Amino acid sequence: MKRIDRALRQSMSDATPVAIRRSVERHETQQGVVLALSDEWALFANLNDAVILNGYDVVRRAEIIRAWHKPLFADYLTRHNVWPPTAPQGIDLTDTRTVIESTSVSTVASIACEEKHAQKLLIGFVAQWRKKSLWLRTIDTDCQWEDFDVKLRLKDITQVSFGSAYERAVLEVAGPFPSRNSEGAVPARA
């Protein structure tokens with residue numbers, strides 16, 4: 001754990017790209033630059049396969065089982081991206097609820113509960129909060145708003161992603177967030 005923590009902190013201090021593997025998706029490697037850490041969460045600026053910054057991931061630190069520096073494209077990144085990457089304003093890593101609220105203020109978020117539903121990512125807005133859960137109004141694979149909400153327990157959420165080209169495209173194609181009923185479902189912090 002100390003080796004992982006050291007790699008994450010070094011990435012955050014000197015903007016060195018880092019690769020991670022997580023216990024919930026052992027076969028996947030995520031790459032990025034650490035922008036912020038809390039006891040529970042780590043905020044990454046994503047690096048996609050084209051070596052371009054593309055959105056952000058917030059992952060549970062306890063699920064990171066390996067972290068190593070990936071400086072191969074560091075010089076390229078500094079020449080072809082806004083460098084070093086910075087965290088978006090207002091991101092709060094205090095707990096699961098604040099992570100989701102602060103990352104989905106003006107856009108959709110992708111939320112994963114990988115231990116319960118491997119390789120399933122839900123994209124949408126929070127329609128309603130409960131003490132230990134949330135109801136998410138999702139966008140389906142055809143970029144249409146679902147006419148129902150999905151309940152997710154906060155403790156089951158393993159990753160929150162936002163700001164990528166894919167999420168922006170899905171939201172633009174899906175259109176504005178619809179009202180659910182007379183009470184109206186509204187995005188988090190609307």
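Among residues of the range 83-111 being over 20 Å from residue 22 (Cβ atoms) and acidic (Asp, Glu), the one that is most open to solvent (accessible area, probe 1.4 Å) is 92.
In the range 31-51, the count of residues that are out of contact with any strand residue (DSSP E or B) (no Cβ under 7 Å at 6 or more places or on another chain), more than 27 Å from residue 137 (Cα to Cα), without any contact (Cβ under 8 Å) to a residue 40 or more places away in the chain and in a strand (DSSP E or B) is zero.
Among the residues of the range 52-65, count how many are within 16 Å of residue 9 (Cα to Cα) and without any contact (Cβ under 8 Å) to a residue 40 or more places away in the chain. Counting residues in the range 52-65 that are within 16 Å of residue 9 (Cα to Cα) and without any contact (Cβ under 8 Å) to a residue 40 or more places away in the chain gives 1. Selection within the range 112-163: residues that are within 23 Å of residue 54 (Cβ to Cβ) and of a type in the set (Ser, Thr, Tyr). The member of this set that is most open to solvent (accessible area, probe 1.4 Å) is 141. The set of residues from the range 31-47 being over 18 Å from residue 84 (Cβ atoms) and open to solvent by 60 Å² or more (accessible area, probe 1.4 Å) comprises 39, 40.
Does residue 2 qualify as being modelled with pLDDT of 90 or more and of a type in the set (Lys, Arg)? Considered against the rule, which asks whether it is modelled with pLDDT of 90 or more and of a type in the set (Lys, Arg), residue 2 comes out as yes.
Would you check if there is a residue in the range 145-157 being part of a strand (DSSP E or B) and under 23 Å from residue 17 (Cβ atoms)?
Keep residues of the range 145-157 that are part of a strand (DSSP E or B), which gives 145-153.
Then keep just the ones that are under 23 Å from residue 17 (Cβ atoms); that gives none.
Within the range 145-157, none of the residues are part of a strand (DSSP E or B) and under 23 Å from residue 17 (Cβ atoms).
Residue 2: of a type outside the set (Val, Ile, Thr), open to solvent by 70 Å² or more (accessible area, probe 1.4 Å) and within 15 Å of residue 160 (Cα to Cα), yes or no? So residue 2 fails the test. Taking the criterion of being in a helix (DSSP H, G or I) and open to solvent by less than 10 Å² (accessible area, probe 1.4 Å), the residues of the range 8-30 that qualify are 8, 11.
The values are calculated or read from the model by the stated rules, or taken from the named source; none is laboratory data. In this text the structure is predicted, and so the values were computed from the model without any measurement. All Cβ positions, even for glycine, are placed from backbone atoms using ideal geometry, and neighbour counts span all protein chains on display. Protein only, heavy atoms only, side chains kept; ligands, DNA and RNA dropped before computing areas. Shrake-Rupley method; radii C 1.70, N 1.55, O 1.52, S 1.80 Å.
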